[in-house]
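Before any comments, here is the structure.
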Amino acid sequence: MLHFIVEQPFRGITTATVDVETLSGTSCDMHFIKGRRYLIYAQRNRESTHLFTHVCSRTTELEDADDDLSYIRSVALLPTDLSSFKGLPLANISWC
């Protein structure tokens, strides 16, 4: 599990830091480089309620996320009942 600093929360994150599971021992494991900034698409583990992400999510380094960020920010301006659909990322965060 990795500890991240939240720079800009988008959905369901109300804290300044989050812990995200990134390794499950499968080919879906996601590897991060300390000090880099990421746009994290994460889900909650149904059993443990921990956040997790994997290589099949849209998680990417922040420098490669311009299109996603533009879309997410535009959706964030919609009324809550229209923007609360599954698949939005949780936050723009950095691994600390």
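Observations on the structure shown:
- Extension gain for residue 73-residue 17 works out to 18.1 nm (0.36 nm per residue, less the C-alpha to C-alpha distance).
- Each of 5, 33, 72 was scored by other Cβ atoms within 10 Å of its Cβ. Listed from fewest to most, they are 33, 5, 72.
- Sites listed here are GluC sites (Glu not before Pro) in segment 29-69 whose DSSP assignment is loop and whose Cβ has at most 13 other Cβ atoms within 10 Å: 47.
- Remark: the Cα gyration tensor places segment 1-55 in the oblate category, a/c being 1.5 or greater and a/b not exceeding b/c.
- Modelled this way, with points 7 Å down the Cα-to-C-beta line, the labels at residue 61 and residue 3 are 2.5 nm from one another.
- Each of 56, 28 has some number of other Cβ atoms within 10 Å of its Cβ, and from fewest to most they run 56, 28.
- Cut-off 15 Å (backbone N to label point 7 Å along Cα→Cβ of residue 29), residues of segment 48-64: 53-56
Coordinate-derived values only; no laboratory data. Since the model is a prediction, treat every value here as computed from it, not as a measurement. All Cβ positions, glycine included, derive from the backbone under ideal geometry; neighbour counts span all protein chains shown.
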